[in-house]
Amino acid sequence: MKSINLLLLLTFIPMMIFGQRLNNVESTLEVVNIKTGERQVILRENNHFEAPNWSIDGNYFIVNSQGKLYRVDKLLKNRELINTGFAVRCNNDHGISPDGKQLVISNSVEDASGNFSSAIFILPIEGGEPTRITENTPSYWHGWSPDGKTLAYVGRRDGEFDIYTIPVTGGQETRITQSAGLDDGPDYSTDGKYIYYNSFQTGRMEIWRIHPDGTSPEQLTDDEYSNWFPHPSPDNQYIVYICYLEDQKEGHPFGKDVKLRLMDLKTKEIRDLTEVFFGGQGTINVPSWSPDSKHVAFVSYRILDE
């Protein structure tokens, strides 16, 4: 069994647990134009929130904060609580179904021993009581197949973090990766041909892709950065991902110098999408492309004076 270091454990604990520690954080929801690099502020608060999803109609975002989910109106620039029923320990792994009608969340549940661990649930996009999908924990959602039938997620089983898939109706999970080291952040291409993810199998966190049946894994990055959370654009021309300037081993901590990078999937050329900013955990964990593939949403942070 692989030993999990403290940094890796902290990576997967919902940030709501650290609420008291992060009271002095300013969070800024931004969108960036992938052609010009121009950044626009949507919402800035002296509050810790994370992981924007962009709605299918392009009119709002969903973020998590202190275990709950909020809808952020693009024009009004406010946030409104989403009813998630009993699920009030939501972490930053949440998303919207391809048809825009459902919301998937990763919410910590208590087991027979009194310990809390993340499981995946689905609820109506307007809010309501969640339905549990994964029985095995921990499970952290990251991708929804374009046909709406399958969820991709990372789970720890027998001490190893790997990529799994499961029908949206629940049932038997399927293990997709079996490499040594952490695999995380699976997100489907919009043609359903690939699952993109990040993996530590080479001893450094790099971006990979694999067919949904678990065949033909392919490494896409090989550099000095620590690369996380690849998200394919709706037009399937690019992936955006976050990179830490310094090696973080198998962790993706909050409060580090990071930048967003863009890979052209046809040429495999990579360029910086943003300048370096203060971020990390919570910046771009989940799919956050605009429906027209012209912008990406993300969260940057600033530590306020005590």
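The values are calculated or read from the model by the stated rules, or taken from the named source; none is laboratory data. Everything numeric here is computed off the predicted structure, so don't read it as measured data. Positions of Cβ are generated from backbone atoms using ideal geometry, with glycine treated the same way; all protein chains shown enter the neighbour counts.
Among the residues making up the stretch 227-265, those that are assigned to a loop (DSSP other than H, G, I, E, B), of a type in the set (D, E, K, R) and over 16 Å from residue 35 (Cβ atoms) are 246, 247, 249, 250.
Looking across the stretch 290-306, the residues that are surrounded by fewer than 23 Cβ atoms within 10 Å (Cβ to Cβ) and either among the aliphatic types (A, V, I, L, M) or not in a strand (DSSP E or B) (or both) come down to 290, 291, 292, 293, 294, 303, 304, 305, 306. For the stretch 195-208, filtered to residues that are free of Cβ contacts under 8 Å to residues at least 24 places away in the same chain and part of a loop (DSSP other than H, G, I, E, B), the residue that is surrounded by the most Cβ atoms within 10 Å (Cβ to Cβ) is 201.
Give the residues of the stretch 297-306 that are hydrophobic (A, V, I, L, M, F, W, C) and within 14 Å of residue 63 (Cα to Cα), sorted by residue number. Selection gives 297, 298, 299.
For beta carbons closer than 7 Å, sequence separation of 6+ or different chains, a first residue in the stretch 293-306 that is modelled with pLDDT under 95 and a second that is surrounded by fewer than 17 Cβ atoms within 10 Å (Cβ to Cβ) and part of a strand (DSSP E or B), the qualifying pairs are 304/26.
The criterion of at least 2 residues that are modelled with pLDDT of 95 or more, hydroxyl-bearing (Ser, Thr, Tyr) and farther than 23 Å from residue 144 by Cα is met, among strands (runs of 3 or more DSSP E) falling completely within the stretch 12-77, by 25-33. Among the residues of the stretch 70-96, the ones that are of a type outside the set (Asp, Glu) and within 14 Å of the chain's Cα centre (by Cα) come to 6 in all. Tell me, yes or no, whether the stretch 158-165 has at least one residue that is closer than 19 Å to residue 102 by Cβ and part of a strand (DSSP E or B). Looking for residues that are closer than 19 Å to residue 102 by Cβ and part of a strand (DSSP E or B), one finds at least one in the stretch 158-165, hence yes. Looking at the stretch 166-182, can you tell me whether even one residue there is modelled with pLDDT of 95 or more, under 23 Å from residue 280 (Cα atoms) and either in contact with a strand residue (DSSP E or B) (Cβ under 9 Å, 6 or more places away or on another chain) or of a type in the set (Val, Ile, Thr) (or both)? Yes, the conditions are met somewhere in the stretch 166-182.
Any residue at all in the stretch 278-289 that is assigned to a loop (DSSP other than H, G, I, E, B), in contact with a strand residue (DSSP E or B) (Cβ under 9 Å, 6 or more places away or on another chain), surrounded by fewer than 23 Cβ atoms within 10 Å (Cβ to Cβ) and of a type outside the set (S, T, N, Q)? There is no residue in the stretch 278-289 that is assigned to a loop (DSSP other than H, G, I, E, B), in contact with a strand residue (DSSP E or B) (Cβ under 9 Å, 6 or more places away or on another chain), surrounded by fewer than 23 Cβ atoms within 10 Å (Cβ to Cβ) and of a type outside the set (S, T, N, Q). Residue 221 fulfils the conditions (1) of a type in the set (Ser, Thr, Tyr); (2) touching a residue at least 40 places away in the same chain (Cβ under 8 Å); (3) surrounded by fewer than 19 Cβ atoms within 10 Å (Cβ to Cβ) except for a single criterion, (3). Among the residues of the stretch 108-121, those identified as touching a residue at least 24 places away in the same chain (Cβ under 8 Å) and either out of contact with any Phe, Trp or Tyr (no Cβ under 7 Å at 6 or more places or on another chain) or over 17 Å from residue 165 (Cα atoms) (or both) are 108, 109, 111, 116, 121.
Quick grid of which residues meet (1) hydrophobic (A, V, I, L, M, F, W, C); (2) within 22 Å of residue 116 (Cα to Cα); (3) surrounded by fewer than 17 Cβ atoms within 10 Å (Cβ to Cβ):
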position	(1), (2), (3)
159	no, yes, yes
164	no, yes, no
168	yes, no, no
171	no, yes, yes
175	no, no, yes
182	yes, yes, no
185	no, yes, no
188	no, no, no
